[in-house]
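Working notes, beginning with the structure itself.
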There are 2 protein chains.
Amino acid sequence: MWMRTIDWSDEKGCITIIDQTALPSKLVLLDIDHVNVLHEAILKLRVRGAPALGAAGGFGVALLARSIRANDFKDYIKKLTEGAESLKKVRPTAVNLSWGVDRVLAAALTGKDRAEVESTALREAKALADEDVAQCRAIGEHGAKLLESSDTVMTHCNAGRLACVDWGTALGVIRSAVEQGKDIKVISCETRPLNQGSRITCFELMDDRIPVTLITDSMAGHFMRAGKIQKVIVGADRIVEDAVFNKIGTYSHSVLAKAHGIPFYVAAPLSTFDFTRREKDVIIEERDPEELRRWNATQIAPAGVPVYNPAFDATPMQNVTAIITEQGILEPPISFARLKKSSS
Amino acid sequence: MWMRTIDWSDEKGCITIIDQTALPSKLVLLDIDHVNVLHEAILKLRVRGAPALGAAGGFGVALLARSIRANDFKDYIKKLTEGAESLKKVRPTAVNLSWGVDRVLAAALTGKDRAEVESTALREAKALADEDVAQCRAIGEHGAKLLESSDTVMTHCNAGRLACVDWGTALGVIRSAVEQGKDIKVISCETRPLNQGSRITCFELMDDRIPVTLITDSMAGHFMRAGKIQKVIVGADRIVEDAVFNKIGTYSHSVLAKAHGIPFYVAAPLSTFDFTRREKDVIIEERDPEELRRWNATQIAPAGVPVYNPAFDATPMQNVTAIITEQGILEPPISFARLKKSSS
């Protein structure tokens, strides 16, 4: 079933999302009518993926603008700004969430009264979501040139339409290549500990009838060595001048790809680029250790065993063959100074 | 609780094992009084790990020798030999299972009547198990020299006392170093898809109060790059002149270790060495795809998604810093011709 992963319902006056924690067993749609519910949805990865988080940030500000109780306009603006700030902190490593919040907040603050703030915020959030779809399509068009018919492409996590508003970044490239008639097969790494690869990427590719085979993350090297993988494409949560931050496991894949002479591509919109930081300045979120100890009711590790559970890792730019953006393909070394000028 | 992972109960006249599929939730002991039960236990990984499978092969022949119904001695020997052959085929990649079966069968066949075959088989199987403990101790002593106090050692799967009769190979090295007073910390990769690392390695190290931290397999590169891993030690299921076969994921770790300048050690008894084959001659078992699709009742991938699930991978010898055996430390290139002579 093809629908936007995150959208605004004019009828209900709230955000609607596909709840990704219910996949692959069930397709559950959630109405989000309060910013606290949105916080929970972002934290629990009901909505996830860099571009979808951008839209979530944008719609979140629109939702805030409608639901704040304030004494006067000054108090309203203060509470809107505070609410926007706390929304950004729910997933600090994901740059798109902040970007979406900031963009829609900036637009909203041009409003001269509450009604204008509300309508401007919603209009801007909708525009952001539409642009996301257009960007993914453009990323797909550019990236598809890098894929040849009969390629098997390995991907990690889910940078698909379920990580975006629609179409996808890494999977958008594959989708565009398939749309052009190329014969592309996908190997999806399950992506521990939350299995976005097995639950979400396999779900959406099967749904679209694109051939996909599931492997454990640890099999990547084995199948690269066996010549079964021609390209690697992943998404990104934050791109700085010296590194790409993406789902934990991406860095290992980049080293393996390099060792086997396999191109390693990152597909991401320019909104993922962070022009202000370098790798050392980015703090990687540490997630709940229970994610490695239990699977629902099943204990898969001893109770209380110490766990490291970083959500992301950093892939140094020298391991990246190219970054596929909506404006074209960028090959490292990438001048962030020039890029910043062209994208602003 | 310290006990042998696999043993013979004289009282009950059967094999006793720790059922490793029940870990880490429960410590379940199983009595195995028929070879069909042993087949199931090996297939379902209730007993697993190369050295423990050697003992299982040996005790399996002893069990066969007692339980066969035969018309005469010739028929008895025929059925014993056939039963031994089919036991070897339960896990064909694991060389120790065959080795244990062959060794005890060869001893048993020297018996001149059924009673002598039975008693010889049991004596030989017990000797094999005792030697396994002594070998692990020797591997531990040799390998401990390679570890320095304050090292953090990463391991994959379980090459511990629960993979052996006792003490362990990879974890035996760590245990011996700790026994010598060295301050060693362990990082255990969870080891998808069956999580022997999280379920078994974490269990036995916590039980022994050796500090262990659990990570997903995909985090190995990240923590190597961060300087948090000084050594990698793994076990082996089969060692040929040009490669080490071990749990799927081992090869990826070896490439990552090499890329980060981290020593990559394999700890295994000489019984794991296969002097007759090269990498290309070994067939890697493909396991049940459901292992990647479900965790007990929880669906973690769409029903019917195609899956690759090789049980093992091959690490080429050039990625191996040294192999730690009961006779000492071998650094590649290893002359298998000379080694065969000295170990036979």
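What follows draws every value from the coordinates through simple rules; no lab data is involved. These numbers come from a predicted model, not from an experiment. Glycine also receives a Cβ, built like all others from the backbone with ideal geometry; neighbour counts cover every protein chain displayed.
Observations
- For segment A:93-141, trypsin sites (Lys or Arg not before Pro) are listed when DSSP marks them as loop and at most 12 other Cβ atoms sit within 10 Å of their Cβ; the list is A:K112.
- Which of B:R238, A:R4 has the fewest Cβ neighbours within 10 Å, and the rest in rising order: A:R4, B:R238
- Listed values for segment A:5-19 are Karplus-derived 3J(HN,Hα) couplings in whole Hz (6.51 cos²θ - 1.76 cosθ + 1.60, θ = phi - 60°), namely 5, 9, 7, 10, 9, 5, 4, 8, x, 8, 7, 10, 9, 7, 6, and x replaces Gly and Pro.
- Since only B:Q196, B:V232, B:C164 are under comparison, the one whose Cα sits farthest along the positive direction of the charge dipole of segment B:142-343, derived from C-beta charges on Lys, Arg, Asp and Glu, is B:V232.
- Partner chain coverage, peptide A:192-198 - average Cβ within 10 angstrom: 5
- Reach of A:K88 by Cα under 16 Å, taken over lysines that are not fewer than 8 positions away in the same chain: A:K44, A:K78, A:K79
- Distance violations [Cα-Cα > 20 Å] among A:K89/B:K228; A:K145/A:K182; B:K228/B:K258; B:K145/B:K182; A:K185/A:K247; B:K12/B:K126: A:K89/B:K228; A:K185/A:K247
- Distances between placed amide hydrogens fall under 5 Å for B:T169 paired with B:G160, all partners being 5 or more residues away or on another chain.
- In plain terms, the chain from A:K78 to A:S150 could stretch by 20.3 nm, reckoned as 0.36 nm per residue minus the Cα-Cα distance.
- Under a model in which nothing but the beta-carbon of Lys, Arg (+1) and Asp, Glu (-1) is charged, segment A:122-257 shows a dipole of about 360 debye around its Cα centre.
- Distance from the C-alpha centroid of segment A:47-63 to that of segment B:289-344: 43 Å, rounded to the whole angstrom.
- Cut-off 10 Å between beta-carbons: net charge of the residues surrounding A:V244, Lys and Arg +1, Asp and Glu -1: -3
- Debye-sum result for segment A:6-136 in log10 I(q)/I(0), which assumes one identical scatterer on each alpha carbon, at q = 0.12, 0.14, 0.21, 0.22 Å⁻¹: -0.40, -0.55, -1.22, -1.33
- Stretch gain in nm, segment B:A115-B:N71, where the contour uses 0.36 nm per residue and the Cα spacing is subtracted: 14.4 nm
- In the elastic network of chain B, a GNM with C-alpha springs shorter than 10 Å, the most mobile of B:A56, B:A170, B:A297 is B:A297.
- Take each residue in B:254-266, count the other chain C-beta atoms within 10 Å of its C-beta, and the mean is 2.
- Residues in segment A:159-165 carry Karplus couplings, in order, of 10, x, 5, 7, 9, 10, 6 Hz; the curve used is 6.51 cos²θ - 1.76 cosθ + 1.60 with θ = phi - 60°, and Gly or Pro positions show x.
- In plain terms, the residue of B:D242, B:D113, B:D183 with the fewest other Cβ atoms within 10 Å comes first and the most crowded comes last, giving B:D113, B:D183, B:D242.
- Per-pair calculated FRET efficiency, R0 = 41 Å: B:D281 and B:K44 via Cβ, rounded to 0.05: 0.90
- Among B:H260, B:H142, B:H39: highest mean-square fluctuation, GNM of chain B, C-alpha pairs under 10 Å: B:H260
- Mean ellipticity per residue at 222 nm, deg cm²/dmol - from DSSP H runs of n ≥ 4 across chain A, formula -39500 (n - 2.57): -12000 deg cm²/dmol
- Cα convex hull of segment A:145-343 - mean projected area over all directions, nm²: 11.8
- Nonlocal amide H pairs with A:T213, under 5 Å, H built at 1.01 Å: A:V186, A:I187, A:S188
- Working note: Karplus 6.51/-1.76/1.60 with θ = phi - 60° gives segment B:50-64 the couplings 3, x, 5, 5, x, 5, 5, x, x, 5, x, 5, 4, 5, 4 Hz, where Gly and Pro are set to x.
- Charged-residue dipole, Cβ positions (Lys, Arg, Asp, Glu), chain B about Cα centre, Debye nearest 20: 440
- Between copies, B:G227 shows label-point distances of 4.2 nm, shortest first, with the point placed 7 angstrom from Cα along Cα to C-beta.
- Value in Å of the Kirkwood radius, where segment A:128-250 supplies the Cα pairs that are averaged: 14.4
- The calculated P(r) of segment A:227-317, using every Cα pair and 10 Å bins from 0, goes 15, 37, 28, 19, 1 in percent.
- Qualifying GluC sites (Glu not before Pro) for segment A:1-97 [loop in DSSP, other Cβ within 10 Å: at most 13]: A:E11
- Given chain B, longest segment not containing exposed loop chymotrypsin sites (Phe, Trp or Tyr not before Pro) (DSSP; at most 16 other Cβ within 10 Å): B:3-274
- The share of Cα pairs per 10 Å bin across segment A:1-53, counted from zero up to the longest distance, runs 25, 60, 15 percent.
- Directionally averaged projected area (chain A, Cα convex hull): 17.8 nm².
- Here the Kirkwood formula, the inverse mean of 1/r across different C-alpha pairs, assigns segment A:284-344 a hydrodynamic radius of 15.3 Å.
- Ordered from longest to shortest, the equivalent ellipsoid semi-axes for segment B:80-141 are 23, 17, 6 Å, each the square root of 5 times a Cα gyration tensor eigenvalue.
- Unit Cα scatterers, Debye sum, the protein assembly as shown: log10 I(q)/I(0) for q = 0.08 Å⁻¹: -0.65
- In nanometers and ordered shortest first, the copy-to-copy spacing of the A:R338 label point, defined 7 Å from Cα toward Cβ, is 5.7.
- Per-residue mean of C-beta atoms belonging to partner chains within 10 Å, peptide A:289-300: 5
- When each of B:R46, A:R192 is scored by the number of other beta-carbon atoms lying within 10 Å, the sequence from fewest to most is B:R46, A:R192.
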